[in-house]
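**Q** Got a structure here, written out as structure tokens. Questions coming.
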Amino acid sequence: MWLFWIYECLGLAAVLGLIFAYCRFRKQGFWAFLWKYLKWVACTVLAVWLLIAILCWHHLYNSAHCYFRGVSMHANTKYSFYLNECQIETPSGAYIPIERSRALPGSSEHNLDDTHMDNSY
């Protein structure tokens, strides 16, 4: 998720940098230009933010899905933008893909007792 916010900040910096370059080229004051065209500058910043959000839509959805999956499992999870997968934290602190994990080492889910088995047949 932090990568998405870096993209958003870079988009804002790019818009403001282009406006600053335009003002230098036209020999106009930067703050005067912003104040005069505040509505258009705000619409441009919003359009760039929406464009970045649309481009990252798939990753944002998967990140939210991974977060709620971790909440339901009472486990720490994170979504990897690079690997495009949800990862779960093991007791040793390493992250492994959640789709390929079974019971985690150190958890009580992989220890089967005879008391939990149903022998009623």
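**Q** Please go through segment 53-85 and pick out each residue that is of a type outside the set (Val, Ile, Thr), over 30 Å from residue 13 (Cα atoms) and touching a Gly at 6+ places or on another chain (Cβ under 9 Å).
**A** 76
**Q** On to the next question. Could you check segment 1-15 and list, in sequence order, the residues that are touching a residue at least 24 places away in the same chain (Cβ under 8 Å) and assigned to a helix (DSSP H, G or I)?
**A** 3, 4, 7, 8, 11, 12, 14, 15
**Q** Another one. In segment 80-100, what residues are among the small types (Gly, Ala, Ser) and either touching a Ser or Thr at 6+ places or on another chain (Cβ under 8 Å) or over 21 Å from residue 58 (Cα atoms) (or both)?
**A** Selection gives 92, 93, 94.
**Q** Something else: Starting from residues that are exposed (fewer than 12 other Cβ atoms within 10 Å of the Cβ) and either in contact (Cβ under 8 Å) with a residue 40 or more places away in the chain or of a type in the set (A, V, I, L, M) (or both), keep the ones in segment 19-46 and report whichever is farthest from residue 77 (Cα to Cα).
**A** Top of the filtered list is 32.
**Q** Related question: Checking the structure you have, find out if any residue of segment 69-79 is among the hydrophobic types (A, V, I, L, M, F, W, C) and modelled with pLDDT under 90.
**A** There is at least one residue in segment 69-79 that is among the hydrophobic types (A, V, I, L, M, F, W, C) and modelled with pLDDT under 90.
**Q** Could you look through segment 23-52, keep only residues that are within 11 Å of residue 11 (Cα to Cα) and among the hydrophobic types (A, V, I, L, M, F, W, C), and pick out the one that is nearest to the chain's Cα centre (by Cα)?
**A** In this case the residue turns out to be 52.
**Q** May I pose another question? Would you be able to say whether some residue in segment 67-79 is more than 16 Å from the chain's Cα centre (by Cα) and at positive phi?
**A** yes
**Q** Going through segment 61-82 one residue at a time, which ones are more than 16 Å from residue 4 (Cβ to Cβ) and aliphatic (A, V, I, L, M)?
**A** Result: 71, 73, 75.
**Q** Name the single residue that is surrounded by the most Cβ atoms within 10 Å (Cβ to Cβ) among those in segment 56-96 being hydrophobic (A, V, I, L, M, F, W, C) and touching a residue at least 40 places away in the same chain (Cβ under 8 Å).
**A** Checked segment 56-96; the qualifying residue surrounded by the most Cβ atoms within 10 Å (Cβ to Cβ) is 56.
The values are calculated or read from the model by the stated rules, or taken from the named source; none is laboratory data. Since this is a predicted model, take the numbers as computed values, not measurements. Positions of Cβ are backbone-derived with ideal geometry, glycine not excepted, and every protein chain shown enters the neighbour counts.
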